[in-house]
Amino acid sequence: MPEIALTQTPAHIRHGSNIGQPLTRRDGILKVTGAARYAADHHPPGMLYAVLAASSIARGRVAFLDVAAAKAHAGVVEVITPANKPALAQDPDEKTNPFMFRLDLLQSDRVRYANQPIAVVIAETLEAATEGAALLSPRYDIDPARIGLDAAESFVPPGVGIGNPPVVHRGDVAAGLAAASKRIEATYETASQYHNAMEPHAIVAAWDGDTLSIDTPSQGLIMAQGRLAGLFGISPDKIHIRSPFLGGGFGSKGFISGPQILGIMAARMVGKPVKLVLRREQMYGPVGHRAPTRQTLRMGADNDGKLTALDHRTKTTSSTFDDFFEPAADISHTLYASKAIATSHEAVRVDTGTPLFMRAPGEATGSIALESAIDEMAQACGMDPLAFRLENYAEVEPISGKPFSSKALRDCYRQGAERFGWERRPLAPRQMRDHDGLLVGWGVGTATFPALMFQAEAKAVLRRDGGGVMEIGAHDMGQGAWTALAQIAADGLGLDIDQVEFRSGTSDLPDGGIAGGSAHTATAGMAIHNAGADVIARLADLATNDDRSPLFGAGNAGVIARGGRLFRRDDESRSESYSDILGRAGLAEIEGQGKSAADPAAQSTYAMHAHGAVFAEVKVDPDLGQMRVTRVVGAFAAGRIINPRMVRSQLYGGMIWGVSFALHEHAVMDPRSGRPMNPNLGEYHIPVNADVPSLEAILVEERDPHVNALGIKGVGEIGVTGTAGAVANAVWHATGVRARKFPVTLDRLIEPQP
Ligand code: MOS
């Protein structure tokens, strides 16, 4: 199978080259012309269509499916149910590591959440498969659904997020509260949210003997390959996954999901290629979500406005059959200095699909509560909320006690405030109105996100014709990996970006790690950087050991690579082209390899995070309670910026998620049936352009020498943190009403809630 190489962007739209340049998306033209093929765009010869039948109950069992009626429908080829499903080599409920999530692959007639797949209908057309699925007319034995934060007995989960301890403390919170001159206690609730990537989970699967080829969106190709190898009992190298473009992932495509695997099972069953695409409402169950939270914060401050205690307790939900716990309180470990800090998590099991990593899992939920509570504390102290943050942000990570690898938060506060005009903000709420009589409010929030790195590999090739190739199975969810990683590749190879063929997006390439945790540019980028360095070192060996080369004997002085040539470091008048070096050595090309991983020594020494400060303006209609965010300014320090255009775009996206978190997103669950009541983009609200009229992202200069050799921190998720709280705080400043339930709805602003 050919790997996917992105052809070069025409020269006329190039804005510069390599690291630091604001290149436009190299895949942009492919995307806007429709030439970029997403998973569901594939249509191999003989392909059939599979449609899921999904459960309309949340708990019980499927008592009857009218398989005969479905099969009798013209065009229907096969119906897969638990009774005839193809055998798997592994139980989908087996869990050998915490990141192997249990799947629903028709292993039984049990229903454990609404929209769980209960059958698959395969037909010659999409219409026939859809009609066949409707004809199954399931009958159920129904057990009452348990939904919501109070549905069951709570317990302390074994770990939260990626296995962090659920209960953490440092210092004596009770003593800190007792010693405080001002105290607050407030409880905040955040809603259940669904990822809602624009592209639904989709797969086109084809078997050839025991070789499997699939087109499907993935944030983690090699992980998906491994999971499929286990389930189908074949070697990973028999599985070829193509995922050059994702129409968004947000965490929901980090692990291959049950419905995607059902598409593969369908293809195996009928011996033909099969396409399966989830309908929007079918994404509200089997592909993860963000669980609701209830968070109680208690804080104390002394007469100088210094925090004396911070206690952050959170309660969340997980499914009845698997473990994922939103680590909402963990953000309190890292942001504000307090001698005493305590965080804790508890959870209840409910009849929903298993929650999952979603858009800053934990940080987003925790941030809106923490930033609201910090504002309430500032208010209790009679202080400006920005001044209070400047007084209390941590210089050393409070829980770990580690110094930050770098922290430019003060610059973020200063630059953001200046751009926003914060100094004109009256301290009291309800003081500003616009010319239409709308209440105007300004709020601030602090942004933070860990600077993570995973493992990845890359392969670099320099060719005698002067070109280079960089190969890595990286993932572009829309964030601009095709562009930013190619920029790192070009610098690593010492070539202009147009001379580099950048191959990515398939499982046959070196393992690009996962695109998650805002770590992909650092992870894949460092593998690319190291592969470039390796191939350049091999090339330099050829030249410096050859007495016919002008670089002969450069040895200790070394060489540098630039523009397709190696130069002597101590005498740049002496240089030689890659082509000449390879030509004289009689080589058509030369190859290098690179790996990346976080440096454990640096990680145990430093706390690594990106930071930012977000300022928001809202306008509220005093009679109707209607809210609009009119302006958001964020200033972010995230290490080295590979491509400022892509980075701004990422930060805008994150800030829009923040607006969305504060005012829009809410999956409404019917407590009687356990079904999501708004599983569509008409009723599950997300911001549109009119909801976000003015966004600015300031890139604050930061050099972090410890995170990795390139100094890259992540920008994918930090934008949602800080922003959601800034919007909530602006609503308070406009109205004087502290809405503690998110999303904020207008009914709460008409009359102050008790
Ligand atoms: Mo993300 S929730 O790290 O894809």
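The values are calculated or read from the model by the stated rules, or taken from the named source; none is laboratory data. Note that this is a predicted model, so its numbers are computed, not measured. Cβ placement follows ideal geometry from the backbone for every residue including glycine, while neighbour counts extend to all protein chains displayed. In case anyone asks, the SASA skips ligands and DNA or RNA and just uses the protein heavy atoms, side chains included. Shrake-Rupley method; radii C 1.70, N 1.55, O 1.52, S 1.80 Å.
Of the peptides 143-154, 264-275, 49-60, the ranking by mean beta-carbon count within 10 Å, highest at the top, reads 49-60, 264-275, 143-154.
Summarising the amide proton neighbourhood of Arg430: residues at separation of 5 or more, or on other chains, whose placed amide H is nearer than 5 Å comprise Ala734, Thr735, Gly736. Straight-line cross-link partners of Lys182 among the aspartates and glutamates, defined as a Cα under 20 Å from its Cα and at least 8 positions apart when in the same chain: Asp172, Asp302, Asp304, Asp311, Glu371, Asp375, Glu376, Asp384, Glu391.
Peptide packing: for 707-718, 23-34, the average count of neighbouring Cβ atoms within 10 Å per residue gives the ranking 707-718, 23-34, highest mean first. When the trypsin sites (Lys or Arg not before Pro) in the range 597-686 are filtered for DSSP coil states and for at most 14 other beta-carbon atoms within 10 Å of their beta-carbon, the remaining sites are Arg672.
As an exercise, identify the chymotrypsin sites (Phe, Trp or Tyr not before Pro) in the range 59-158 lying in DSSP coil whose Cβ has no more than 16 other Cβ atoms within 10 Å.
The qualifying sites are Phe99.
Over the chain, DSSP H runs of length four or greater, each weighted -39,500 (n - 2.57), average out per residue to a 222 nm ellipticity of -7500 deg cm²/dmol. Between Ala175 and Leu427, the C-beta separation translates, for a Förster distance of 41 Å, into a calculated FRET efficiency of about 0.85. In percent, rounded to a whole number, the relative contact order of the chain is 16, using alpha-carbon pairs under 8 Å and six or more apart. The phi torsions of the range 517-532, fed into the Karplus equation with coefficients 6.51, -1.76 and 1.60 and a -60° offset, translate into couplings of x, 6, 10, 6, 5, 5, 5, 5, x, 5, 5, 5, 4, 5, 5, x Hz, rounded to whole numbers, with Gly and Pro shown as x. Taking Cα centre as origin and charging only the Cβ of basic (Lys, Arg, +1) and acidic (Asp, Glu, -1) residues, the dipole magnitude of the chain rounds to 580 debye.
For the range 703-715, the Karplus equation 6.51 cos²θ - 1.76 cosθ + 1.60, evaluated at θ = phi - 60°, returns couplings of 10, 10, x, 9, 5, 5, 4, 8, x, 8, 10, x, 10 Hz by residue, with Gly and Pro reported as x.
Checking the Cα-Cα distances for Lys31/Lys238; Lys238/Lys595; Lys238/Lys272; Lys272/Lys459 against a 28 Å cut-off, the pairs over it are Lys31/Lys238; Lys272/Lys459.
Computed in the context of the full set of protein chains, the accessible area of the range 557-657 at 1.4 Å probe radius has 46% of its extent on carbon or sulfur. Taking the 1.4 Å solvent-accessible surface of the range 35-156 as the whole, the part contributed by carbon and sulfur is 53%. Highest mean packing first, where packing is the average number of other Cβ atoms within 10 Å per residue, the peptides 461-473, 539-551 line up as 461-473, 539-551.
Rounded to the nearest whole Å², what accessible area per residue is found for the range 226-267 with the 1.4 Å probe?
The answer is 20 Å² per residue.
Across the range 369-378, computed HN-Hα scalar couplings (Karplus, 6.51 cos²θ - 1.76 cosθ + 1.60, θ = phi - 60°) run 6, 5, 5, 5, 5, 4, 5, 5, 5, 4 Hz from first to last residue, x flagging Gly and Pro. For the chain, what class follows from the C-alpha gyration tensor (a ≥ b ≥ c being the square roots of its eigenvalues): rounded when a/c is under 1.5, otherwise prolate if a/b is larger than b/c, else oblate? Oblate shape, in that a/c is at least 1.5 and b/c is the bigger or equal ratio. Here's the list of lysines a cross-link from Lys619 could span, going by alpha-carbon distance under 21 Å and ignoring same-chain residues fewer than 8 apart: Lys741.
Quick one: pull the percent of accessible area on the range 695-754 belonging to carbon and sulfur, 1.4 Å probe, ligands and nucleic acids left out. It is 53 percent, rounded to a whole number.
If a spin label sat at a point 7 angstrom from the Cα of Ala83 along the line to its beta carbon, the backbone N atoms of the range 41-56 nearer than 17 Å would be those of 53. Take the alpha carbon gyration tensor of the range 175-309, find the square roots of its eigenvalues, order them as a ≥ b ≥ c, and report rounded if a/c is under 1.5; if not, report prolate when a/b exceeds b/c, else oblate. It is prolate, given that a/c is not under 1.5 and a/b is the larger ratio. Normalised by the number of residues in the range 612-754, the mean separation of alpha-carbon contacts (under 8 Å, six or more apart) gives a relative contact order of 38 percent.
Counting Lys and Arg as +1 and Asp and Glu as -1 over every other residue whose Cβ lies under 10 Å from the Cβ of Ile331, the net charge comes to -3.
Taking all protein chains together and a 1.4 Å probe, the residues Cys381, Cys412 rank Cys381, Cys412 from largest to smallest accessible area.
Using a probe of 1.4 Å, the accessible surface attributed to Leu452 totals some 60 Å² when neighbouring protein chains are kept in position. Accessible surface calculations at 1.4 Å, restricted to protein heavy atoms, place the range 560-613 at 48 Å² per residue.
For the range 614-754, the solvent-accessible area of protein heavy atoms averages 37 Å² per residue (probe radius 1.4 Å; ligands and nucleic acids excluded). Net length available on complete extension from Arg584 to Asp237 is 121.2 nm, with 0.36 nm assigned per residue and the Cα-Cα distance removed.
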